[in-house]
1. What pairs come out if I take residues in the stretch 42-64 that are farther than 11 Å from ALA13 by Cβ and pair them with residues that are of a type in the set (Val, Ile, Thr) and in a helix (DSSP H, G or I) whose C-beta lies under 8 Å away, six or more apart or interchain?
2. For the condition under 21 Å from LYS3 (Cβ atoms) and small (Gly, Ala, Ser), what is the one hit in GLY17, GLY52?
3. Which residues, counting only those in the stretch 1-44, are farther than 30 Å from LYS60 by Cα, of a type in the set (Val, Ile, Thr) and touching a Lys or Arg at 6+ places or on another chain (Cβ under 9 Å)?
4. Select from the stretch 42-57 the residues that are at pLDDT 95 or above and either in contact with a strand residue (DSSP E or B) (Cβ under 7 Å, 6 or more places away or on another chain) or of a type in the set (Val, Ile, Thr) (or both) and list them in ascending order.
Amino acid sequence: MSKVDKKQVVTAALVGGIIFCLIVIGIDYLLGRDFSWSRLTFYFIFATIMYGYLTYRNFKKHKK
């Protein structure tokens, strides 16, 4: 089994989480919703974990 570079996975997860949060902020602005730090924090944590998991699986699959 080959190892997956954890630094790449963490970087991709953080970038994906930030981009997702920016998209959510833009959609909230267009829909006229108020800005909420708690909602943004939840979305950032959730998106970062999901992007990290998906990136890890993708790298692991391609390194076989």
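The values are calculated or read from the model by the stated rules, or taken from the named source; none is laboratory data. Remember, it's a predicted structure, so these values are computed and weren't measured experimentally. For neighbour counting, all protein chains shown are included, and Cβ atoms are generated from backbone atoms with ideal geometry for every residue, glycine included.
1. The qualifying pairs are TYR43/VAL24; PHE59/VAL9.
2. Numbers: GLY17 fails: under 21 Å from LYS3 (Cβ atoms).
Answer to the selection: GLY52.
3. Pass one, the stretch 1-44, residues farther than 30 Å from LYS60 by Cα: 25-39.
Okay, now just the ones that are also of a type in the set (Val, Ile, Thr), so 25, 27.
Selection gives ILE27 alone.
4. ILE45, THR48, ILE49
Yes or no, residue by residue, for (1) more than 12 Å from the chain's Cα centre (by Cα); (2) assigned to a helix (DSSP H, G or I):
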| site | (1), (2) |
| --- | --- |
| ILE27 | yes, yes |
| LEU30 | yes, yes |
| ASP34 | yes, no |
| SER38 | yes, yes |
| PHE42 | no, yes |
| ALA47 | no, yes |
| MET50 | no, yes |
| ARG57 | yes, yes |
| LYS60 | yes, yes |
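Residues checked against (1) exposed (fewer than 11 other Cβ atoms within 10 Å of the Cβ); (2) charged (D, E, K, R):
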position: ALA12; (1), (2): no, no
position: ILE19; (1), (2): no, no
position: TRP37; (1), (2): yes, no
position: MET50; (1), (2): no, no
position: ARG57; (1), (2): no, yes
position: LYS63; (1), (2): no, yes
